[in-house]
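Below is one structure, written out as structure tokens; the observations come after it.
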There are 4 protein chains.
Amino acid sequence: MSEHSYRLIISCPDRVGLVAAVSTFLAQEGGLLTEANYYCDPESNWFFMRQVIAADSLPYDAEELCARFAPLAEQYQMQWRLTDTGTPKRVVLMASKQAHCLSDLLYRWRSKEMQFDIPCVISNHDDLRSYVNWHNIPYHHTPVDPDNKAQHFGEVEQLIEQSQADVIVLARYMQILPPALCARYPGQIINIHHSFLPAFVGAKPYHQAAERGVKLIGATCHYVTSDLDAGPIIEQDVVRISHHDSIPDLVRKGKDVEKTVLAKGLRYHLEDRVLLHGNKTIVFE
Amino acid sequence: MSEHSYRLIISCPDRVGLVAAVSTFLAQEGGLLTEANYYCDPESNWFFMRQVIAADSLPYDAEELCARFAPLAEQYQMQWRLTDTGTPKRVVLMASKQAHCLSDLLYRWRSKEMQFDIPCVISNHDDLRSYVNWHNIPYHHTPVDPDNKAQHFGEVEQLIEQSQADVIVLARYMQILPPALCARYPGQIINIHHSFLPAFVGAKPYHQAAERGVKLIGATCHYVTSDLDAGPIIEQDVVRISHHDSIPDLVRKGKDVEKTVLAKGLRYHLEDRVLLHGNKTIVFE
Amino acid sequence: MSEHSYRLIISCPDRVGLVAAVSTFLAQEGGLLTEANYYCDPESNWFFMRQVIAADSLPYDAEELCARFAPLAEQYQMQWRLTDTGTPKRVVLMASKQAHCLSDLLYRWRSKEMQFDIPCVISNHDDLRSYVNWHNIPYHHTPVDPDNKAQHFGEVEQLIEQSQADVIVLARYMQILPPALCARYPGQIINIHHSFLPAFVGAKPYHQAAERGVKLIGATCHYVTSDLDAGPIIEQDVVRISHHDSIPDLVRKGKDVEKTVLAKGLRYHLEDRVLLHGNKTIVFE
Amino acid sequence: MSEHSYRLIISCPDRVGLVAAVSTFLAQEGGLLTEANYYCDPESNWFFMRQVIAADSLPYDAEELCARFAPLAEQYQMQWRLTDTGTPKRVVLMASKQAHCLSDLLYRWRSKEMQFDIPCVISNHDDLRSYVNWHNIPYHHTPVDPDNKAQHFGEVEQLIEQSQADVIVLARYMQILPPALCARYPGQIINIHHSFLPAFVGAKPYHQAAERGVKLIGATCHYVTSDLDAGPIIEQDVVRISHHDSIPDLVRKGKDVEKTVLAKGLRYHLEDRVLLHGNKTIVFE
């Protein structure tokens, strides 16, 4: 886990000889594979690969590896990227008043359970400032004026840009992002929705769940698109409830699922395990 | 489990002294409680009780117990019923072509894992006749003419009536019951829907699930009302899927959940553990 | 949840009329029941009750309720206690270096998700001091000298005594408590063991699990007795693993289960939902 | 799923270029990969592969493919095998009196949910004969004389041999196989144990579980070795129980887990997804 490696993420049309071409290239360069995942979607005939290469098995750096790989990638019409585990992703956390997801991610960050940098936390409330500051992380409070949301989102966009974020996590940030912001960071904004989507889209899902009388409630971690609660799903889970559970009980039990599901989804994303395929995801667990 | 007992099921407005009144009545009669469940819904202030009394602790029979209890029931405006575990419920099973739920229930019946009688199996196809007949259970094949469904449902209604059914189980019977039939057996028709309701109502839920890219699929056991897939939910469960799973894989994995959830829901119903409360259920597990 | 109530916890030999006697007493005093759970163990014929009474339905206080109830309790040879939700339990947290369980409980405490007081945190290491202090909770560091553990445990015992603890939680505190300390706080010391007991007792359970090649790992929350890892179990859960998971992966995945299971077990205890019955527990969820 | 394909299963020492060598070989032959799984155990540095090749992408048959692959296999010191999905494995089912696992597997067989042949069922009791015969499957009843178990196992061994079994499934067959029989079919005898191993080895695990007061019970599907209940684990799962559950309840709830876990484990085996690695398994789900 802690050793320096490269992750080569590829998607392209399937063809006989594809795995052979990529693995032969890597073998000729001397690259030692430590993980390899392949999936071909039978409907679209589209191929997805994730390969992890021990960095010290190669005599040169990531840039050189990219340069050498580029001709092959072009030949096979690949969409591809190479990431370096030595360069942690920069994750901007956005929250509102509720602390459960934010606290959970901060724990995983400070205990080094998950590898990422946090340039800042952005919130439309000031409640969590002291807790975030204890971690020596900058906290930006940009209130939302219901009559002028544009100002808030202008500030948010600027803060994200300044922080050079790779990922934006909506850790129970309760505002709907404007379409332009969603479009600017495709596949980079991760949300946790407090229901088992597509059940109970929109506001107050726990109230909806209580109303319908379901026996399980859930949470969904997904990429944000301009289509509310309809982006590609990364991870989901549920927890059992009963008639004994009041709405506050649902909220409480749901929080435990929300934070676990968000952490799992973010981990998959940070480790480049999630490949987009239309409105679905390939997750190489 | 195997000893003869009475189940006293009550729902009524909550009041101080309610449990005292019922339990004092039972104690004065000498009744030994072997199980007791209580729940008060805080919103409606409605009280629900299920009490199991060892039959041989009473010097008289069920009829006499009902007669003695009736004045108290009236005083507290109770909706109530008394069932006798010595009289198994009569369960009509309805199926189509798929055998997984039917086979599962027949196993539980013939192994005496669950206590109920099966007066007959009704199906719109003839496929499962030989298997059902091996169990010495009558099999009624009533085909569905798409241009005259009324005839099919007329036959079905007559068969149900003749069988003196207490419960009708739609064990993946793929037809929508007419409203009149639903209305005639309120809280007595149990269906298994192959999705985690309210997600994916209607036809082909596994196709819908694949389309949406969910990471869990589920099944829902519910009472049938004239409002399709919207009746009170008794039990639900889910199973994890991944991008590897094709639609046939979803169908296969889903079957295991469907049969388990249906068996659980039916067991709760047969043991009088399910109390209706509007469109929700109280399930005294 | 937030309203003031009394919890009456009873265990005694079963007898016809027991529920009637208790509920009639409560009804005569005017007590409004908001929750009631009963269980009779069929083997030992021992009866267990938990009843929650709205405090403002009674014209007097907890002390008076106890005084009035005492004769009945004596008549039925009850072991009983009455707790008042207005008096939060005092919980001493003990930890070592790992922060996951401690952080999780501190979050639940500061967000008021769970109601309890924390007089202090005790640790054999100083690592978590700053984090605990941010919460304005006293932190006592008492190192362990392997050649003189008695000194450490003497200090621990004194700190617990001074803090007037109702509960001691071993939140991944990695030392084995001496028998005398266990005996002094029976049913009051709660531990989280990082395996699905009774599998993998003792040290390094994740290494044992990897060695055996299990497909699920788990955690167990139990009361501490002088018999290591053998005390009454309050709660357990598991998580799926695969051949891909190295021992550090097991440790990481296990941490999520440990903290959830500990929080659940502690919640049950704080809400007086756990009744001891020999080496087993009745948990009125 | 239904198309004819070859599965190439390989384990060997890891080396740079291994995946390249195999995939280049397959590409040169024109073989189209439909599934590919790789795993390198970091401790032993041992590499495991499972590759599925569409049969009709090759201009020759399985025998020819093996002949062409053999030199490469030798060069890399591979343990390998090639299976053909067109040749279903022959599975002998062994049972005793309890029908839940047997019924479940027979359902999956007759509904073609799982692809395998059943040359016969062997049992030490005659109870299940009629049910098995309905499926047109031969049923062999060989009683066990406690004073002469050797005779029983002699008959069993002969029946297995005559049936040309690839796999023997102990579907709650309650006898311990003699070491010689275990040794004769290594990695081919699959058992379902009714506990979450290594907890509760040996007899009456549900009684042991009740005694210990666990909150979850489980089942374990594993390969049989001469070391009782200690063979390589293929699959496990658990189900939640409570103090309400008597031992018959544990048995009943456990049965549902047993049959699901056995069916999953057998499916993995039949699809050549399970690779042995010492006393552990690699399962390419």
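Would you list the P(r) distribution for the protein assembly as shown, with all Cα-Cα distances sorted into 10 Å bins from 0 and each bin expressed as a whole %?
2, 9, 16, 22, 22, 17, 9, 3, 1, 0
Quick one: Debye curve from the C-alpha atoms of segment A:225-265, no solvent, what's log10 I(q)/I(0) at q = 0.18, 0.31 Å⁻¹?
-0.63, -1.01
Report ³J(HN,Hα) in whole Hz for each residue of segment B:176-182, in order, from the Karplus equation J = 6.51 cos²θ - 1.76 cosθ + 1.60 where θ = phi - 60°; Gly and Pro get x.
Working through the residues one at a time gives 8, 5, x, x, 5, 5, 4 Hz.
Just want the answer: with Cβ charges of +1 for Lys and Arg and -1 for Asp and Glu, which residue in D:Ser23, D:Ile53, D:Pro13 is farthest toward the dipole's positive end in segment D:5-84?
D:Pro13
Dipole of segment A:91-283 (Lys/Arg Cβ +1, Asp/Glu Cβ -1, origin at the Cα centre): which of A:Tyr107, A:Leu270, A:His125 lies farthest to the positive side?
The Cα lying farthest towards the positive end belongs to A:Tyr107.
Nearest 10 degrees, 0 to 90: what angle lies between the long axis of helix C:18-29 and the longest principal axis of chain C (Cα atoms)?
It works out to around 70 degrees.
How big is the C-alpha Rg of segment A:15-61 next to the rule-of-thumb value 2.2 N^0.38 Å, as a ratio? Let's see the in-between values first.
Details: Rg = 12.4 Å, N = 47, 2.2 N^0.38 = 9.5 Å.
Normalised by 2.2 N^0.38 Å, the Cα Rg of segment A:15-61 equals 1.30.
In degrees between 0 and 90, to the nearest 10, how far off the longest principal axis of chain B does helix B:149-162 point, with axes built from Cα atoms?
It works out to around 40 degrees.
Let me spell out the model: positive unit charges on the Cβ of Lys and Arg, negative unit charges on the Cβ of Asp and Glu, origin at the Cα centre of chain B. What dipole size does that give, in debye rounded to 20? Intermediate results must be reported in sequence, preceding the final value.
Values: 27 positive and 35 negative charges, 162 e Å.
Once rounded to the nearest 20, the dipole reads 780 debye.
Just C:Val239, C:Val16, C:Val132 to compare: in a GNM of chain C, with alpha carbon springs under 10 Å, which one fluctuates most?
Looking only at C:Val239, C:Val16, C:Val132, the biggest GNM fluctuation is shown by C:Val16.
Quick one: putting +1 on the C-beta of Lys and Arg, -1 on the C-beta of Asp and Glu, what dipole do you get for the protein assembly as shown around its Cα centre, in Debye to the nearest 20? Walk me through the intermediate numbers first.
Details: 108 positive and 140 negative charges, 1 e Å.
Computed charge dipole of the protein assembly as shown: roughly 0 debye.
What whole-number distance in Å separates the alpha-carbon centres of segment D:90-163 and segment A:71-143?
Centre-to-centre distance over Cα atoms comes out at 57 Å.
Pick from D:Gln175, D:Gln51, D:Gln158: which is most flexible by mean-square fluctuation in a GNM of chain D where alpha carbon atoms under 10 Å apart are linked?
Evaluated over chain D, the most mobile residue of the options is D:Gln158.
Could you work out the relative contact order of segment D:1-148, using alpha carbon pairs under 8 angstrom and six or more residues apart, expressed as a whole percent?
Numbers: 209 pairs, mean separation 33.5, N = 148.
That works out to 23 percent.
Over chain C, what is the mean sequence separation of C-alpha contacts under 8 Å (at least six apart), divided by residue count, expressed as relative contact order in percent?
Over chain C, the number comes to 14 percent.
Would you work out the charge dipole size for segment A:56-117 about its Cα centre, treating the Cβ of every Lys and Arg as +1 and the Cβ of every Asp and Glu as -1, and quote it to the nearest 20 debye? Numbers along the way, then the final one.
Numbers: 8 positive and 9 negative charges, 97 e Å.
For segment A:56-117, the charge dipole is close to 460 debye.
What is the sum of charges, Lys and Arg at +1 and Asp and Glu at -1, for the other residues whose Cβ falls under 11 Å from the Cβ of D:Asp41? If you can, show how the numbers build up before the last one.
Numbers: positive: D:Lys280; negative: D:Asp14, D:Glu43.
In short, -1.
Computed over the Cα atoms of segment A:5-84, what is the convex hull's projected area averaged over all directions, in nm²?
4.7
What is the calculated FRET efficiency for D:Ala180 to D:Arg129, with r their C-beta to C-beta distance and R₀ = 35 Å, to the nearest 0.05?
Values: r = 28 Å, r/R0 = 0.80.
It comes to 0.80.
With a/c under 1.5 counting as rounded, go ahead and sort segment B:162-285 into rounded, prolate or oblate using the C-alpha gyration tensor (a ≥ b ≥ c being the square roots of the eigenvalues; past the cut-off, prolate if a/b is larger than b/c, else oblate). Can you show the working numbers first?
On the way: a/c = 2.07, a/b = 1.71, b/c = 1.21.
Verdict is prolate for segment B:162-285.
Once the other residues with Cβ under 10 Å from the Cβ of A:Leu270 are scored (Lys, Arg +1; Asp, Glu -1), what is the net sum? Write out the running numbers ahead of the final one.
Numbers: positive: A:Lys89, A:Arg267, A:Arg273; negative: A:Asp166, A:Glu271, A:Asp272.
That works out to 0.
If I take R0 = 41 Å and measure r between the Cβ atoms of B:Gln151 and A:His277 in this structure, what FRET efficiency does the formula 1/(1 + (r/R0)^6) give, to the nearest 0.05? If you can, show how the numbers build up before the last one.
Numbers: r = 47 Å, r/R0 = 1.15.
About 0.30, to the nearest 0.05.
At 7 Å along the Cα-to-beta-carbon direction for both D:Glu43 and A:Ala70, put a label point, then send me their distance in nm to one decimal.
4.4
Can you tell me which lysines have their Cα less than 16 Å from the Cα of A:Lys280? Leave out same-chain residues fewer than eight positions away.
Those lysines meeting the cut-off are B:Lys215.
Under a Cβ-Cβ cut-off of 13 Å, what is the net charge of the residues other than D:Arg50 that fall near it, where Lys and Arg count +1 and Asp and Glu count -1?
On the way: positive: D:Arg7, D:Arg81, D:Arg273; negative: D:Glu35, D:Glu271, D:Asp272, D:Glu285.
For residues surrounding D:Arg50, the net value is -1.
Just need the relative contact order of segment D:72-169 here, percent rounded to a whole number, with Cα pairs under 8 Å and 6+ apart. Can you show the working numbers first?
Working: 116 pairs, mean separation 31.5, N = 98.
Taking the mean separation of contacting Cα pairs over the length of segment D:72-169, I get 32 percent.
Looking only at D:Pro186, D:Pro198, D:Pro42, which one moves most when chain D is put into a Gaussian network model with springs between Cα atoms under 10 Å?
D:Pro42
Excluding residues on the same chain fewer than 8 positions from A:Lys255, give the lysines whose Cα lies under 16 Å from its Cα.
Answer for A:Lys255, where 16 Å is the Cα cut-off: A:Lys97, A:Lys204, A:Lys264, C:Lys112, C:Lys259, C:Lys264, listed by chain and number.
List the pair-distance distribution P(r) of chain A, using every Cα-Cα distance, as the percent of pairs falling in each 10 Å bin from 0 up to the bin containing the longest distance, rounded to whole percents.
Here the calculated profile for chain A is 6, 26, 31, 23, 12, 3, 0.
So if I average 1/r over every pair of distinct C-alpha atoms in segment D:1-159 and take the inverse, what Kirkwood radius in Å does that give? Don't skip to the end; give the middle numbers.
On the way: mean 1/r = 0.0530 Å⁻¹.
By the Kirkwood definition, the hydrodynamic radius is 18.9 Å.
Read-outs throughout are calculated quantities, based only on the coordinates presented, and are distinct from any laboratory measurement. Quantities reported herein were computed from a predicted structural model and do not represent experimental measurements. With ideal geometry, Cβ positions are generated from the backbone for all residues, glycine too; neighbour counts draw on all protein chains shown.
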